[in-house]
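The values are calculated or read from the model by the stated rules, or taken from the named source; none is laboratory data. If you're wondering where the values come from, they're calculated on a predicted model, not measured in any experiment. As a convention, Cβ positions derive from the backbone with ideal geometry for all residues, glycine included, and neighbour counts pool all protein chains shown.
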Amino acid sequence: MFSDLGIRGSIVQNRRGDEPDFLNTAWTMQIIRGFLLWIGACLLSFPAAAIYDEPLLLQLLPVAGLTLIVTGFQTTNSYSAIRNLELGRVTVVELTAQVLGLVLIGILAWALRSVWALAIGTVLAASLKVLLMHIFLTGIRNRFRLDRGSVSEIFRFGKYIFFTSLAAFLIRQSDRAILGAFLPLETFGVYNIGWVLASVPSLVAVALGEKVMFPLYRLRHPLDDIGNRRKIFAARRVVVAVLLLVSLFFAVFGIPAVEVLYDDRYILAGPIVVLMASALVPQIVTQGAIRAAVAKGDSRSFFIMMTSTSLLQVVLVYFGARELGIFGAILGVGAATILTYPLLALILRRYKSWDMWGDLTLFSLGAAAHFGACWWYREEILQLLP
């Protein structure tokens, strides 16, 4: 994430996104980036082994890091399919690769019975995915090419994407990074379990924003036609409503699910699921909307929005964790998105993409339903306070 050049976004958004020279240049830059990242992973293995007092990391990181080289060779046809909203074949290939990859890792785990099964299996699974994409996705056959004009356009768009990726990392990881300083290791592990379960709808919203809403804005931007505006607003509302229902499902059944799946040592993961699902409601409602600006080449506004949210979230999570422990940290995650919403609205108004009534209605209904779940489990949630 710290080296994202915005290659996929450039292909989806750029007017030259269907030209072979542009695609081959993007593919070549992606490969170069993969090798540089692998070198970085090798260099990190030395301090990582020292910090965690685990010599095995000296061997594990370089091997696992080979995934970075492998994925660099992924065909640009996968991005072209997203650009043109032709997601059927891409989805089938990705799911097939994931299933086969999991089976492969499972076989290796049974045979090797060590962490090497994960390291080697991940590399092989990534290789399988890249191979299947090259075989089954239609489009150009990528060749090595560095067109000066294409490089310039990718860097012009990607310079803000690079910093935006740093901000996205903080948004997704800051709560855990900060809580790690306040919680015992075993409690921190319980928090991670709760976070993973509760964040499923939010992560789906991120994926839909990148793979569906972004190319949809490019093809049918609200700024170009009032009919586009109505259709895209309607599509967003349906997607958000469904994801809010999924999130509510996790909030309602999170505690019973944890009680069934885990023993009493992990009991606090249940109320964490309920509270975190509620805190992520604002992210679900707003996810993907800023892509309206990116679709018009405005990666700068994307950067400003994500950076503002991430910095505010870091501050709120820190003080929340310091004063109220896990409870305060989770509240900080939700509050950051709410407090930066006026900035999002200001950016979207410029592109006639602000669905004020849709956002207000969905947020109100989603927040009310999730508050009901929190009230139902209020005694369990209060256990999260110091």
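(1) modelled with pLDDT under 90; (2) touching a Phe, Trp or Tyr at 6+ places or on another chain (Cβ under 9 Å); (3) assigned to a helix (DSSP H, G or I); (4) surrounded by fewer than 18 Cβ atoms within 10 Å (Cβ to Cβ): which one isn't true of residue 306, the others all being true?
It is condition (4) that residue 306 fails.
For the stretch 338-353, which residues satisfy the criterion of being under 23 Å from residue 279 (Cβ atoms) and in a loop (DSSP other than H, G, I, E, B)?
340
Can you find, within the stretch 232-285, the residue that is surrounded by the most Cβ atoms within 10 Å (Cβ to Cβ) among those that are out of contact with any helix residue (DSSP H, G or I) (no Cβ under 8 Å at 6 or more places or on another chain) and modelled with pLDDT under 90?
Across the stretch 232-285, the extreme among qualifying residues is 261.
Mind counting the residues in the stretch 186-226 that are of a type in the set (Asp, Glu) and within 19 Å of residue 174 (Cα to Cα)?
Initially, the stretch 186-226 is screened for residues of a type in the set (Asp, Glu), giving 186, 210, 224-225.
Cutting the leftovers down to within 19 Å of residue 174 (Cα to Cα) gives us 186.
Count: 1.
Of the residues 155, 163, which single one is over 23 Å from residue 386 (Cβ atoms) and surrounded by fewer than 18 Cβ atoms within 10 Å (Cβ to Cβ)?
Just a single option satisfies the conditions, and that option is 155.
Considering only residues of the stretch 354-365 that are of a type outside the set (Phe, Trp, Tyr) and in a helix (DSSP H, G or I), which is nearest to residue 243 (Cα to Cα)?
362
Are there any helices (runs of 4 or more DSSP H) wholly within the stretch 147-260 with 2 or more residues that are free of Cβ contacts under 8 Å to residues at least 60 places away in the same chain and of a type in the set (S, T, N, Q), and if so which? Give the derivation first.
Working: elements: 148-179, 185-198, 200-208, 214-219.
Filter on the stretch 147-260 gives 148-179.
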